[in-house]
């Protein structure tokens with residue numbers, strides 16, 4: 001049976017930037033990674049069906065975590081345009097477990113302070129260079 005990538009208490013979720021490393025692992029609610037590829041239309045002449053060529057790989061990621069400490073450092077670390085590396089390890093750091101490393105730009109933290117509930121932060125990231133989907 002194949003490994004099922006199940007996140008939980010062992011998940012690694014880090015943002016490494018010029019000011020240091022922030023771990024969201026203990027406070028995360030969700031993490032999403034979306035690799036993609038651009039396509040160009042190669043249809044020409046007598047073609048009767050659309051043809052495409054792949055060009056550039058790209059990726060985005062999004063994390064949501066609870067803002068239990070309202071740490072001032074988190075706001076500046078996730079400010080729009082901050083460059084760094086996002087690491088997502090859905091199953092922890094054991095040998096052979098998945099590790100996604102994305103050099104990226106933060107798109108800016110979005111804060112939610114609901115009445116009578118816990119504050120959440122969501123942040124999207126846009127890849128800036130080659131990402132890796134490997135193992136520890």
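Where a number appears in this text, it was derived from the coordinates with a stated rule and is not lab data. Bear in mind that the values here come from a model prediction, so they are computed numbers and not experimental data. Positions of Cβ are backbone-derived with ideal geometry, glycine not excepted, and every protein chain shown enters the neighbour counts.
Remarks
- Assessment of the range 47-57 against the conditions (touching a helix residue (DSSP H, G or I) at 6+ places or on another chain (Cβ under 8 Å) and in contact (Cβ under 8 Å) with a residue 24 or more places away in the chain) yields no matching residue.
- Note on the range 102-130: residues that are in contact with a strand residue (DSSP E or B) (Cβ under 9 Å, 6 or more places away or on another chain) and assigned to a loop (DSSP other than H, G, I, E, B) total 7.
- Lone unmet requirement of (1) over 16 Å from residue 128 (Cβ atoms); (2) under 16 Å from the mean Cα position of the chain (by Cα) for residue 111: (2)
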